[in-house]
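Below is one structure, written out as structure tokens; comments come after it.
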Amino acid sequence: MLTDYHVHLRPDEPDTPAERHFTPANAERYRTVAEEQGIAELGVAEHIYRFSAALDVWDHPFWRQWASDDLDAYCGFIREETDLKLGIEMDFVPGREDRIANVLEERDWDYVVGSIHFLRDLSLDTHEHSIWGAGESPDRVWRRYFETLAESARSGLYDIIGHPDLVKVWGDRVRAPEGDLRRYYEPAVEAFADAGVAVEVSTAGLRKPVGEIYPSRAYLEMLVDAGCPIALSSDAHTPEQLGFRYEQALELLDEAGVREIAVFERRARRLEPVG
Ligand SMILES: [Zn+2]
Ligand SMILES: [Zn+2]
């Protein structure tokens with residue numbers, strides 16, 4: 001079994017309206033590539049901040065700029081006009097757990113991907129609102145990132161923790177702490193294991209400046225030792241990015257001793273042999 005669950009039907013770019021991308025023809029383009037790549041389990045997880053319902057959770061200027069689409073129309077489209085699994089990429093915003101729960105509870109997801117792109121008001125992975133150069137050391141940013149990730153798992157809101165070391169995205173020495181990075185991963189791994197949440201292996205990092213799968217090999221080995229279920233995705237934003245460099249991910253999974261991957265239906269998880 002191969003999965004690709006963390007998939008977007010459109011790029012994170014202006015002029016990508018729902019009416020042009022949430023169409024049966026576009027979904028079919030993704031399904032065709034998935035079939036060519038042997039990916040049987042295909043699902044979407046659009047960014048929550050593209051939907052106006054996101055503003056009930058958080059009113060950051062970045063979200064206000066993007067939040068325009070109707071969340072229920074998205075869910076209805078996926079359920080009624082496609083055979084894709086229905087997911088959502090729901091940012092974790094500390095202190096807003098109740099509001100996140102309200103948005104999630106009203107819809108029948110197959111899975112919810114938790115992600116952290118911001119620490120307080122500052123962004124880890126965009127040039128706008130960037131946390132980098134805003135006065136905090138890489139050590140402090142990394143520590144806060146993994147502590148917040150632990151908190152997201154303990155919230156119980158999520159089925160999958162997405163791109164679990166996104167903080168490394170820029171891949172340069174200025175924005176990474178020195179030495180063995182396992183000290184940062186530890187609190188997160190412990191929280192994932194306690195919460196029983198699945199953790200994503202994502203090939204998206206291979207398309208980013210860091211040029212490395214999320215999570216790093218050492219981190220993945222810690223996750224395996226802790227018994228965390230693993231989910232496999234590409235975080236594709238176009239059909240061409242579906243299953244991006246999965247052969248590299250499968251090699252990493254094999255070397256780390258991962259034999260099964262997580263499969264979801266209506267927020268119930270089971271494990272299937274990987275490959
Ligand atoms: Zn993301
Ligand atoms: Zn994503």
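The values are calculated or read from the model by the stated rules, or taken from the named source; none is laboratory data. Here the structure is a predicted model, which is why all the values come from computation and not from measurement. Neighbour counts are summed over all protein chains in view; Cβ atoms, including those assigned to glycine, are modelled from backbone coordinates with ideal geometry.
Computed values, structure above
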{"read-out": "Pair list, Cβ under 7 Å, 6 or more apart: the range 83-96 residue within 21 Å of Val199 (Cβ to Cβ), other residue in a loop (DSSP other than H, G, I, E, B) and among the aromatic types (Phe, Trp, Tyr)", "value": "Lys85/Tyr5; Leu86/Trp109; Gly87/Tyr5; Gly87/Trp109; Ile88/Trp109; Val93/Trp58"}
{"read-out": "Members of the range 211-227 found to be within 19 Å of the chain's Cα centre (by Cα) and not in a helix (DSSP H, G or I), listed by number", "value": "Gly211, Glu212, Ile213, Tyr214, Pro215, Ser216"}
{"read-out": "Ala27 away from ligand 2 (no atom under 16 Å from the Cβ), closer than 23 Å to Ser233 by Cα and aliphatic (A, V, I, L, M)", "value": "yes"}
{"read-out": "Whichever residue in the range 167-181 is among the aliphatic types (A, V, I, L, M) and touching a Lys or Arg at 6+ places or on another chain (Cβ under 9 Å) and, among such residues, is nearest to ligand 1 (Cβ to nearest atom)", "value": "Val169"}
{"read-out": "Cβ-Cβ under 7 Å pairs, at least 6 apart or on other chains, the range 109-135 side free of Cβ contacts under 8 Å to residues at least 40 places away in the same chain, far side in a loop (DSSP other than H, G, I, E, B)", "value": "Leu119/Ile131; Leu122/His129; Leu122/Ile131; Leu122/Ala134; Ile131/Leu124"}
{"read-out": "Residue within the range 154-177 that is free of Cβ contacts under 8 Å to residues at least 12 places away in the same chain and not β-branched (Val, Ile, Thr) present", "value": "yes"}
{"read-out": "Residue among Glu240, Glu221, Glu260 that alone is surrounded by 13 or more Cβ atoms within 10 Å (Cβ to Cβ), of a type outside the set (Ser, Thr, Tyr) and either within 25 Å of Glu13 (Cα to Cα) or in contact with a Leu (Cβ under 8 Å, 6 or more places away or on another chain) (or both)", "value": "Glu260"}
{"read-out": "Given (1) more than 16 Å from ligand 1 (Cβ to nearest atom); (2) under 21 Å from Gly162 (Cα atoms), index of the condition Glu106 fails", "value": "(2)"}
{"read-out": "Lone unmet requirement of (1) at pLDDT 95 or above; (2) surrounded by fewer than 23 Cβ atoms within 10 Å (Cβ to Cβ) for Gly275", "value": "(1)"}
